[in-house]
Amino acid sequence: MNRLWSRLGARTATVALLSAGVVGGFYLGDNRDQGRRLPDTAGIEQVALQAPQVHPMKEQATEYREKLHEAAVTEATAERKRREEAAAASRKTVREAAAEFAKAKAKAEAEAAAEKPYDGPIPDSCAEFTGNRQIGCAEMLNAGFEIDQFPCLDKLFTKESGWNHKASNPSSGAYGIPQALPGSKMASKGDDWETNPKTQILWGLGYIEGRYQTPCKAWAYMQDVGWY
């Protein structure tokens, strides 16, 4: 009996030792596996650390380039606008200059027309006329006007009185060759103002010079308003 128990005890001990060895082997295997896997895990972490990263400075550089581009576009647009405005101003200046030139030219032509509204033949001398016209031409030259003014004076006095020193306007009271209103104004040139054509012409020439400067300007005014 004692021998049986001794054998059973030895077997039990042997089984226990084997079990312990198996379990220990498992633990050792686990430790060995862990030792092999650790380097693999560390490698993955290193790869992750070495992966490309979006650096903040790169983002700032991109944003800076975008701002530079926007600034360049804005400046180009502003420059184009300035050039367009300058071109428009230049065209406006040219148009204004042309308009001013045309206005000045028209004014000069109007003044020339007023100075000499008569474009017909100019008499060579007063000898070409007779009667009161001849007297009027001679007195006009004596008053300091040129012979080219006589066609205007002729038209003016022809319209007013037909060079008739007795012409009278019963409705207004105007009288004589220049149709002075009233006729008695011509007394400043002579008491014979009612009958002497020379006296009337002298008064008429003085009136024309004082108010219109020349017979042609007086005739131009007459054409515009119907009286002088």
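The numbers here are math on the coordinates, done by the rules we state, and not lab data. No experiment lies behind these values; they were computed from the predicted model shown. Positions of Cβ are backbone-derived with ideal geometry, glycine not excepted, and every protein chain shown enters the neighbour counts.
Things to note:
- Rounded Å value of the spacing that divides the Cα centres of segment 117-150 and segment 162-228: 17
- Normalised by the number of residues in segment 113-209, the average gap of Cα pairs under 8 Å and 6 or more apart makes the relative contact order 21 percent.
- Cα pair distances in segment 58-115, grouped into 10 Å bins until the bin that holds the longest one, percent each: 20, 20, 17, 14, 12, 9, 6, 3, 0
- Take 70-81, 188-199, 214-225 and order them by the average number of nearby Cβ atoms within 10 Å per residue, most first; the result is 214-225, 188-199, 70-81.
- Debye intensity ratio I(q)/I(0), log10, segment 126-225, q values 0.13, 0.23, 0.24 Å⁻¹ (C-alpha model): -0.39, -1.28, -1.39
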